[in-house]
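One structure below.
The values are calculated or read from the model by the stated rules, or taken from the named source; none is laboratory data. Quantities reported herein were computed from a predicted structural model and do not represent experimental measurements. Cβ atoms come from the backbone with ideal geometry, glycine included; neighbour counts cover every protein chain shown.
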Ligand code: SAM
């Protein structure tokens, strides 16, 4: 049977989609090639969030096509994912060596299309149509790849986005929000736990909008397309025994509760949420659900209310600060990360200074900085006041310096402390050492062996590096 190599660009959702396609191909008898040089099928799973990511994938395909056509013309080449969705046939017109283009609602057909192309039944396939129910088609996992079993897994709970932020291409590449049902997601999580998974990350473009627009044409109660009724919290005693009015629970919090019930599951994470989605019910869930780890991503994008309005984010700086205060009050150890865009059209020096001051005020544990990239068909691409590339670059560098400075302080504060980690496997940089993750989402590298994989253990932090902690098991065991 043929071998396949999949290269993934972009976010965790793309990583997850690639894993599911690889698992579907393996189930059909394909093998996974260790590199593109020996693969019979080469697939690039693409990202469109920034122009840079698109250019990188196109250049990669140009190189791969030139190389394979010279020495191994029978190799099948394909694009999948967001750029495949937004460009479709255009990609084959530009790169005629490409055989397959599979959109974001069609990943589960990739194996069938490859079979057809390899058997000579079809020459080229482009499929970027919408497909009802496709949000539930990303469910196969490849837990062990070529090595020992993974202890962490990603589970896709929904597809698409309805937010319409003025900078973002995702609603065009991933379509509108479609959520899987709670029983369907829980069944997948149970299966993963039965296979040894200890930590599950629930994935979606905006997970906090989960279930708000129904469940793939069918609600949990069987009514077509109706959203899950907002449930009332059964316990009106808060975590500290204080009686308070019953709280409306969003479908996402109901999903967290259902996943939390799974025996053998140790930790739950989720990404990516929207700041608007951190309602009191979700903040309370951090207190109530011990498996929900102390980690929150809050993609603030900017510290300036003027820019937030231009971005159509639907919140203010003050509201974000209020959410962060509540999260820290609920869980003092919580690790808070963010996404920030610098150089959004119209961003002045004062607006940028507001972003810098927000980062200093909040002291984020981690921040992902993006230089604004105009995307076609998005309102921001046509806005006046496009910021010159040089200024975007300077602001990016400035903010990175601030993030590093804050990170140094925050990570340094862990030195000398004892903390709990889930051991994930060998360190990528130095496979002789092991890595684990704290509940607040910090990587810890330590001297250990494979036998610790999957264990939850205490380490003493002896050193802090750049967004990495170094721990010592021996000291704890003494
Ligand atoms: N859940 C996220 C949110 O609340 O917006 C969306 C995830 S998005 C795929 C990841 C990040 O990419 C965004 O948070 C944003 O910072 C960045 N991004 C999106 N569009 C961008 C653009 N046109 N230019 C630069 N960065 C962009």
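Side notes on the structure shown:
- Within segment 377-400, the set of residues being within 14 Å of the ligand (Cβ to nearest atom) and assigned to a helix (DSSP H, G or I) comprises 379, 380, 381, 382, 389, 392, 393, 395, 396, 399.
- Contact map, segment 358-373: residues that are over 18 Å from residue 323 (Cβ atoms) and in contact (Cβ under 8 Å) with a residue 12 or more places away in the chain paired with residues that are in a strand (DSSP E or B) and more than 7 Å from the ligand (Cβ to nearest atom), Cβ distance under 7 Å, separation 6+ or inter-chain. Pairs shown: 369/342; 371/342; 372/342.
- Among the numbered conditions (1) closer than 21 Å to residue 25 by Cβ; (2) within 16 Å of the ligand (Cβ to nearest atom), the only one that residue 164 does not meet is (1).
- For the condition out of contact with any strand residue (DSSP E or B) (no Cβ under 7 Å at 6 or more places or on another chain) and either in contact (Cβ under 8 Å) with a residue 40 or more places away in the chain or more than 26 Å from residue 192 (Cα to Cα) (or both), residue 15 does not qualify.
- Some residue of segment 289-300 being at pLDDT 95 or above, over 21 Å from the mean Cα position of the chain (by Cα) and surrounded by fewer than 23 Cβ atoms within 10 Å (Cβ to Cβ): yes
Condition check ((1) under 18 Å from the mean Cα position of the chain (by Cα); (2) crowded, with 23+ Cβ neighbours inside 10 Å; (3) not in a loop (DSSP other than H, G, I, E, B)) across all residues:
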residue: 141; (1), (2), (3): yes, no, no
residue: 149; (1), (2), (3): no, no, no
residue: 171; (1), (2), (3): yes, no, yes
residue: 176; (1), (2), (3): yes, no, no
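- Extreme residue, nearest to residue 469 (Cα to Cα), among residues of segment 341-376 that are within 24 Å of the chain's Cα centre (by Cα), assigned to a loop (DSSP other than H, G, I, E, B) and away from the ligand (no atom under 11 Å from the Cβ): 365
- Checked against (1) touching a helix residue (DSSP H, G or I) at 6+ places or on another chain (Cβ under 9 Å); (2) within 16 Å of the ligand (Cβ to nearest atom); (3) in a helix (DSSP H, G or I), residue 15 meets all criteria but (1).
- Residues considered: 317, 269. Of these, the only one that is surrounded by fewer than 22 Cβ atoms within 10 Å (Cβ to Cβ), within 16 Å of the ligand (Cβ to nearest atom), free of Cβ contacts under 8 Å to residues at least 60 places away in the same chain and closer than 22 Å to residue 365 by Cβ is 317.
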